Each structure stands twice: as C-alpha cells, then as structure tokens.
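A short write-up of the structure that comes next.
The values are calculated or read from the model by the stated rules, or taken from the named source; none is laboratory data. Since this is a predicted model, take the numbers as computed values, not measurements. Reconstructed Cβ throughout: ideal geometry from the backbone, glycine too, with neighbour counts over all protein chains shown.
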Amino acid sequence: MKKGIHPENYRIVAFKDMSNDDVFLTKSTADTKETLEVDGVEYPLVKMEISRTSHPFYTGKAKLIDTAGRIDKFKNKYDKFKKSAKAKTEE
C-alpha cells in the first residue's frame, strides 16, 4: 500500500437507519456534527435513509419509500401528456 494516501482519522461512528431506527457501530471517517448515546457511550452520528435492515434486497420485502414526493411529481408531470394524447385521439 502507498503511504500517506489513507486517512488517519478513523473512529467508531454510530450509523442510524431513519426508516426503522436501527443503529449499528463501525469505524468511519465520515464528518458529522450530531452525536448519539449507545450503551452509555456517546458516538458521532451519521443518519441514513436505508440500510441492510430496511433494504428490500436484504429483507425480502418490497417497501416504497418516497421521502421527497418524487413519485407524485412524476405522475403530475406526465399526467398532462396522457390527457393531451387522449384529447387528440377523441378528435
């Protein structure tokens, strides 16, 4: 391995899955300002939308997560094309 290219600031960090509140600890260099207490010890906290405990591939359960309303935006955007195509076929 080349010397001097790898980060030196590895520390134990708490990663929290916000969809099911699962927390796991691992070493990371991720910067964060938040902390979380786990078993009486305070760790830096990194929040995630999805992890191994909530991802459909690992759980085997299909679950729709639409945190930003992207599906509704998509449907609204392309609804007007359906309506205009339907109007043209009726004429």
Taking the range 1-45 and keeping only residues that are among the small types (G, A, S), closer than 21 Å to H55 by Cα and modelled with pLDDT under 90, one is left with S19
Output for the range 1-32, where each listed residue is of a type outside the set (V, I, T), within 18 Å of the chain's Cα centre (by Cα) and in a loop (DSSP other than H, G, I, E, B):
M18, S19, N20, D21, A30, D31
Does the range 36-53 hold any residues that are assigned to a strand (DSSP E or B) and surrounded by 12 or more Cβ atoms within 10 Å (Cβ to Cβ), and which are they?
L36, V38, Y43, P44, L45, V46, K47, M48
